[in-house]
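Scroll down for the structure; my scribbles are underneath it.
The values are calculated or read from the model by the stated rules, or taken from the named source; none is laboratory data. This structure is a prediction, so every number in the text was calculated from the model and none was measured. Note: ideal-geometry Cβ built from the backbone for every residue, glycine included; neighbour counts use all protein chains shown.
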Amino acid sequence: MVNGKQIRVYLVDGTPGGLLTAEIMNWTGHVVAAPRSDIADLLARDEVRRTGVYVLLGDDAESLSPSGKAVYVGEGDDIAVRLRQHARPEKAGGKDFWDRVVILTSKDANVTKAHARYLEARLIGAATAARRATVVNGTAPVPIHLPEADISDMEYYLSQVHIVLPVLGITEFRPTRAASTAEASLGSANSAAGRTSPTFHFEVPRYGISATAQEIDGEFTVLEGSIARANWISTSRHRGYQQQHTTLIADGTLRTEDRGLARFTQDVVFSSSSAAAAVVAGRSANGRTSWVDPVSGINFGEWQSRGIRDEIFEATPAADQGLS
């Protein structure tokens, strides 16, 4: 039986880029998200006067993450008070980097100050472990001690948050590989193990290139320790891939080594298997055929199409397939 979820997203002003609310059926949590330009409308809502957690999101020119994104997690008895402070110019004590805010509260108002502090610490840990954005919090607090029943409630709350946020396009808290026990302790309240592909390999022995990758919960991820080419060798196509390769070298995510090679110092999520293959090879590459599962011998494209190919050929007459 599929463990499905129904998420209700309400666009308050009818536009996808404006203020919105999100809920999961049978969950007491409540999510509100808004661009910074709608901060006045957000502050007029009842939810922001509750106890809860808020997340500030934006781009940061000084970000050390490959994505160039930054995130700040905070909590408050009255979130509106904290948001007014952060909305000030930086020279007046505010924060300039953020352009979107997400508020996490409860419909039944049962989230207490202690609960909010626990959630804040766990979300900071999740963002730090995911390494998708620079966490600009000055400290990384340890989750405070709560009664066992309260911890169970808050961990369930977090598991729902980790489902809702990616649906809203917020991936800064998603782990880049299937959660292990150690990673779970750092903040992954939901495991991607059920949505993880085999480990695919891309090797060019002649040049010493040897990389591994997995599709994890719908995202193509090159794993830490993979060996790539240190220099981009093609100038004819895919300048975007070249720029990504250059950025990863510059920020140390790809650490240069001997023989013109570079090593991935962390897991890196790519927009596609071809983007990953291009960065590894230092040139354009077809990711669907380059990445191969050494156990089964099938490539990534064949793995994606598993279970449908026979169906297609059975349903399509040979004459229509263009077969000789």
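So, in the stretch 133-166, of the ones that are touching a Phe, Trp or Tyr at 6+ places or on another chain (Cβ under 8 Å) and outside any helix (DSSP H, G or I), which residue ends up farthest from GLU219 (Cα to Cα)?
Applying the filter and picking the extreme gives LEU146.
Only one of (1) of a type in the set (D, E, K, R); (2) touching a Lys or Arg at 6+ places or on another chain (Cβ under 7 Å); (3) more than 30 Å from VAL268 (Cβ to Cβ) fails for ASP59. Which number is that?
Going through (1) of a type in the set (D, E, K, R); (2) touching a Lys or Arg at 6+ places or on another chain (Cβ under 7 Å); (3) more than 30 Å from VAL268 (Cβ to Cβ) one by one, ASP59 breaks only (3).
So in the stretch 2-16, with the set limited to residues that are β-branched (Val, Ile, Thr) and assigned to a loop (DSSP other than H, G, I, E, B), which one is modelled with the lowest pLDDT? Don't jump to the end; show me each part of the working.
So the first thing to find is which residues in the stretch 2-16 are β-branched (Val, Ile, Thr), and the list is 2, 7, 9, 12, 15.
With the extra rule that they be assigned to a loop (DSSP other than H, G, I, E, B), the set shrinks to 2, 12, 15.
On the way: VAL2: 59, VAL12: 95, THR15: 90.
It comes out as VAL2.
Filter the stretch 125-139 down to the residues that are surrounded by 13 or more Cβ atoms within 10 Å (Cβ to Cβ) and free of Cβ contacts under 8 Å to residues at least 60 places away in the same chain, then identify the one that is nearest to ILE170 (Cα to Cα).
The initial filter retains those residues of the stretch 125-139 that are surrounded by 13 or more Cβ atoms within 10 Å (Cβ to Cβ), namely 125-137.
Add one more test, that the residue is free of Cβ contacts under 8 Å to residues at least 60 places away in the same chain, and what stays is 128-130.
Working: THR128: 15, ALA129: 15, ALA130: 12 Å.
Ranking the candidates gives ALA130 first.
Examine the stretch 38-52 for a residue that is modelled with pLDDT under 95, surrounded by fewer than 19 Cβ atoms within 10 Å (Cβ to Cβ), under 20 Å from the mean Cα position of the chain (by Cα) and assigned by TED's automatic domain parsing to the domain that holds GLU120, and state whether such a residue exists.
Within the stretch 38-52 (the criterion being modelled with pLDDT under 95, surrounded by fewer than 19 Cβ atoms within 10 Å (Cβ to Cβ), under 20 Å from the mean Cα position of the chain (by Cα) and assigned by TED's automatic domain parsing to the domain that holds GLU120), the answer is no, since none of the residues qualifies.
Identify the residue in the stretch 193-214 that is closer than 15 Å to ASP267 by Cα and in a strand (DSSP E or B) and, among all such residues, is modelled with the lowest pLDDT.
Here the residue is THR196.
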